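Here is the structure we will look at, set down as structure tokens.
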Amino acid sequence: MLVELLHLVVTPVSLAHRRRGYLRESVLLMSRGRRCRHAWAPHLAAARAAILEACDGLPQRRVAVVLGSGLLQDVPLAELAARFERVDLVDAVHLWPARFRARAHPNVRLITADLVLQPDRPEPLAALCGGETVDFVVSANLLSQLPILPLDRPGFVPPDLGSRIVRAHLDGLAGLRARVCLVTDVEQIEEDRAGQVIARLDLLHGVRLGRADQRWTWDLAPFGEATRHRRLIHRVEAFRDWRGP
Ligand SMILES: C[S@@+](CC[C@H](N)C(=O)[O-])C[C@H]1O[C@@H](n2cnc3c(N)ncnc32)[C@H](O)[C@@H]1O
């Protein structure tokens, strides 16, 4: 609790992002990640391996951009920094643990940006990853997170907002000239101790991705984390060369 409070106070973040809840969400995710580190380990290892496989065989390795870099738990940062001339880490919030890890690599830059397409602003992916020298882009467990805070805001929320946000990110990725690795959770499954499925939640708001190169499950909230007798499992999919569904 004290550590969470400290992060809320000392993390450099714009007032707008703080107000919209991005900092709070990041700190909560960090805390859950610490509590569930053993349960999360296979998922994080699978994501890191998928990302490294995806950049194998690239003819050029100039700039790599990681979207949703967060705490760099599922991002093989040292390996990317060794393989590419420059690595750009993009997120709405960079907590201090990620800042310290990035500082260990002189060719790694932190970029703070909102990756949800806004009507009055340029397309964020084209601006951040559309450059001639960008050879590799990773969307790192970001896609399902993009609609969460916009859907949570007060006032009228259009019923199709979630699917529009998901589609805009996928279209933005598909329009890039770089090779794109997409790693995302697609479905949440709530199970009881008998293994009975209690509920399923489509994390991509009805948008279908097509055939993934790899699939695995992420034990997001083991028994006792969210509730005592229920656990939350996320189905995760990885695409090594995303070109659209
Ligand atoms: C599940 S975490 C990704 C985990 C991260 N790749 C890691 O290795 O720790 C999702 C990330 O998406 C970021 N995010 C959510 N909405 C965003 C937005 N609109 N713009 C930029 N980043 C966003 C969050 O701040 C968070 O770091």
Karplus 3J(HN,Hα) series, Hz, for the range 230-245 with 6.51 cos²θ - 1.76 cosθ + 1.60 (x for Gly, Pro): 10, 10, 10, 10, 10, 8, 10, 10, 10, 10, 7, 8, 5, 10, x, x
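Any idea what the relative contact order of the chain is, in percent, if you count C-alpha pairs under 8 Å spaced at least 6 apart? Can you show the working numbers first?
Values: 434 pairs, mean separation 45.6, N = 245.
For the chain, the relative contact order is 19 percent.
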For the range 2-239, accessible area per residue (1.4 Å probe, heavy atoms of protein chains only), Å²: 49
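Could you work out the local net charge near Val180, counting Lys and Arg as +1, Asp and Glu as -1, over the other residues with Cβ closer than 10 Å to its Cβ? Please list the in-between numbers first.
On the way: positive: Arg177, Arg179, Arg240, Arg243; negative: Asp241.
Summing Lys/Arg as +1 and Asp/Glu as -1 gives +3.
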Please build a GNM for the chain, connecting alpha carbons under 10 Å apart, and tell me which residue among Gly172, Gly57, Gly206 fluctuates the most. Gly57
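Compute the Kirkwood hydrodynamic radius of the chain, taking the inverse of the mean of 1/r over all pairs of distinct Cα atoms, and give it in Å to one decimal.
Values: mean 1/r = 0.0537 Å⁻¹.
Averaging 1/r across every pair of different Cα atoms and inverting gives 18.6 Å.
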Taking only DSSP H segments of four or more residues, each worth -39500 (n - 2.57), what value at 222 nm results for the chain once the sum is divided by all its residues, to the nearest 500 deg cm²/dmol? -10500 deg cm²/dmol
For His105, His94, His205, give me the order by solvent-accessible area with a 1.4 Å probe, most accessible first, ignoring ligands, DNA and RNA. His205, His105, His94
Semi-axis lengths (Å, descending) of the ellipsoid that matches the C-alpha gyration tensor of the range 11-85: 27, 18, 8
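Considering only protein heavy atoms and a probe of 1.4 Å, how much of the accessible area of the chain is carbon and sulfur, as a whole percent?
On the way: 6620 of 12240 Å².
C and S fraction of accessible area: 54 percent.
The values are calculated or read from the model by the stated rules, or taken from the named source; none is laboratory data. From a predicted model like this one, the values you see are computed outputs, not experimental measurements. Positions of Cβ are generated from backbone atoms using ideal geometry, with glycine treated the same way; all protein chains shown enter the neighbour counts. Just the protein is used for accessible areas: all its heavy atoms, side chains included, with ligands, DNA and RNA removed. Shrake-Rupley method; radii C 1.70, N 1.55, O 1.52, S 1.80 Å.
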